[in-house]
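Colleague: Attaching a single structure in structure tokens format; questions to follow.
The values are calculated or read from the model by the stated rules, or taken from the named source; none is laboratory data. Note that the coordinates shown come from a computational prediction; the quantities given were computed from them, not determined experimentally. Neighbour counts run over all protein chains shown; Cβ positions are idealised from the backbone, glycine included. Accessible surface areas use protein heavy atoms only, side chains included; no ligands, DNA or RNA. Shrake-Rupley method; radii C 1.70, N 1.55, O 1.52, S 1.80 Å.
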Amino acid sequence: METIFSTDSVHPRDRFDYWHSIACKKIIGHDSLPENRLTFQAEMKAGRFGNLDLVEFSNSPLQVSHTFAHVDRTNPDMAFLCYQLSGSVLVVQNGREVNLDAGTLMLLEPLLPYEARFSAGAKMLVIKAPRRELRARIGANRELTARRVTAERLDDNLALSLAAKLPDLAGRTTSITEEIVANHVLDLIGLSIGRTLGNAPGRVSNPKALLLAHIRSVVETRLSEPELDGQKVADIVGITFRYANALLAEQNTSLNRLILSRRLSRCRFALEDPNQPHRTIAEIAHGWGFSDMTHFGRCFKAAYGASPRDYQKAAQSGQAGRS
């Protein structure tokens, strides 16, 4: 994580205004009012982990307002996962008040207005996740917005613990590791967010979100099985093949396309991995469930623009150039 702003190097009279301009650019557009301009202090760090943008910031007490005018100028491709590192912040969005204290998380919808009030000592990590990726895990249910995830359940504790580690891991692991871990982080956080509806009066769960998570989990854990196909996944999950595809159609995919894309992704990781030069392309493909090498080569080239052999050579050449 790189420190991109600190009030320590700015004259007290300019600190808040300077911070506000940086925060609008790096986090989200908003209006804000500090408790005390003359004593205002803040720091902001930014980084990237896999396909997740990370912004970690701390600031003196202030109030924030993200209005419809700001919404109109907001990037629609990202959704925000807000994890409170210390202090607290009160967020009002979608008709709900959420008090985030240290170790809790919520889904914040940047395409909806919200109000927030930061306490003294507040420090937050904002994980900007591709909307398509998050929607693939929890669907498009707006009722999941502004619901508090706590560490009371062991499963949720694991998700929150991984989220908290992202700033320390950013830029310190290989790109392959980052992509794998980022996917698992979204899987776990998606499950935790989906379960929050079970805490709401009159609701039992978010069945679509949980089914989508179950589908993805079955696919990920059984990719190495050559006989895995869409029908088998549906049978394991306990739903019909048709209904599973209807759920996935909302994310512009299907069971068989999901299986293929994840298998290809795993093969790409292996071809890029400098620790696996001893493995043949056929061994890698068979290891991730491909039984027909011609089919594998054709699908890989369609997905990544190069044959598996050419892709591996390019990856190895790039690694040699960096060594």
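Colleague: Which pairs do you get when a residue that is without any contact (Cβ under 8 Å) to a residue 24 or more places away in the chain, found in the stretch 157-185, comes within reach of a residue that is part of a loop (DSSP other than H, G, I, E, B), reach meaning Cβ atoms under 7 angstrom, with the pair 6+ apart or on two chains?
Modeller: Note: pairs meeting the criteria are ASN157/ALA151.
Colleague: Testing VAL233 on (1) in a helix (DSSP H, G or I); (2) open to solvent by 60 Å² or more (accessible area, probe 1.4 Å), one condition comes back false. Which one is that?
Modeller: (2)
Colleague: Select from the stretch 144-178 the residues that are over 21 Å from ILE193 (Cα atoms), over 16 Å from the mean Cα position of the chain (by Cα) and polar (S, T, N, Q) and list them in ascending order.
Modeller: Answer for the stretch 144-178, where residues must be over 21 Å from ILE193 (Cα atoms), over 16 Å from the mean Cα position of the chain (by Cα) and polar (S, T, N, Q): THR173, THR174.
Per-residue answers, yes or no, for (1) in contact with a Lys or Arg (Cβ under 9 Å, 6 or more places away or on another chain); (2) farther than 19 Å from ALA170 by Cβ:
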position: MET1; (1), (2): yes, no
position: PHE5; (1), (2): yes, no
position: PRO12; (1), (2): yes, yes
position: SER21; (1), (2): no, yes
position: CYS24; (1), (2): no, yes
position: GLN63; (1), (2): yes, yes
position: LEU81; (1), (2): yes, no
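Colleague: Considering each residue of the stretch 241-255, count those that are over 15 Å from ALA136 (Cα atoms) and touching a helix residue (DSSP H, G or I) at 6+ places or on another chain (Cβ under 6 Å), and give that number.
Modeller: 1
Colleague: For the stretch 90-145, enumerate the residues that are at pLDDT below 95 and among the basic types (Lys, Arg).
Modeller: ARG96, ARG131, ARG132, ARG135, ARG137, ARG142
Colleague: Related question: Could you please tell me which pairs satisfy a Cβ distance under 8 Å, a separation of 6+ or placement on different chains, a first residue in the stretch 224-242 that is touching a residue at least 60 places away in the same chain (Cβ under 8 Å) and polar (S, T, N, Q), and a second residue that is open to solvent by less than 80 Å² (accessible area, probe 1.4 Å) and part of a loop (DSSP other than H, G, I, E, B)?
Modeller: SER224/TRP288; SER224/GLY289
Residue-wise test of (1) open to solvent by 40 Å² or more (accessible area, probe 1.4 Å); (2) of a type in the set (S, T, N, Q); (3) in contact with a Lys or Arg (Cβ under 6 Å, 6 or more places away or on another chain).
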position: GLU227; (1), (2), (3): yes, no, no
position: ILE239; (1), (2), (3): no, no, no
position: ASN252; (1), (2), (3): yes, yes, no
position: ALA270; (1), (2), (3): no, no, no
position: PRO274; (1), (2), (3): yes, no, no
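Colleague: Also, I was wondering about something else. May I ask you to list pairs of residues, at least six apart or on different chains, whose Cβ atoms are under 7 Å apart, with the first in the stretch 286-308 being more than 17 Å from VAL219 (Cβ to Cβ) and without any contact (Cβ under 8 Å) to a residue 40 or more places away in the chain and the second being open to solvent by 30 Å² or more (accessible area, probe 1.4 Å) and of a type in the set (Lys, Arg)?
Modeller: Short answer, once both residue conditions are applied: SER307/LYS301.
Colleague: Only one residue in GLU56, GLU43 is buried (at least 19 other Cβ atoms within 10 Å of the Cβ) and assigned to a strand (DSSP E or B). Which one?
Modeller: The conditions single out GLU56.
Colleague: Could you please give the count of residues in the stretch 34-56 that are touching a Lys or Arg at 6+ places or on another chain (Cβ under 7 Å) and touching a residue at least 40 places away in the same chain (Cβ under 8 Å)?
Modeller: 7
Colleague: Here's something else I'd like to know. Any residue in the stretch 257-272 that is over 11 Å from PHE296 (Cα atoms) sitting within a Cβ distance under 6 Å of a residue that is assigned to a helix (DSSP H, G or I) and open to solvent by 30 Å² or more (accessible area, probe 1.4 Å)? List the pairs, counting only those 6 or more apart or interchain.
Modeller: Between residues of the stretch 257-272 that are over 11 Å from PHE296 (Cα atoms) and residues that are assigned to a helix (DSSP H, G or I) and open to solvent by 30 Å² or more (accessible area, probe 1.4 Å), the close pairs are LEU271/TYR311.
Colleague: So, in the stretch 17-33, how many residues would count as being without any contact (Cβ under 8 Å) to a residue 60 or more places away in the chain, within 28 Å of LEU166 (Cβ to Cβ) and either open to solvent by less than 20 Å² (accessible area, probe 1.4 Å) or not in a helix (DSSP H, G or I) (or both)?
Modeller: 5
Colleague: Any chance the stretch 156-164 includes a residue that's acidic (Asp, Glu), in a helix (DSSP H, G or I) and surrounded by fewer than 20 Cβ atoms within 10 Å (Cβ to Cβ)?
Modeller: no
Colleague: Would you mention how many residues in the stretch 96-115 are assigned to a strand (DSSP E or B) and either farther than 24 Å from ALA159 by Cα or of a type in the set (Val, Ile, Thr) (or both)?
Modeller: 3
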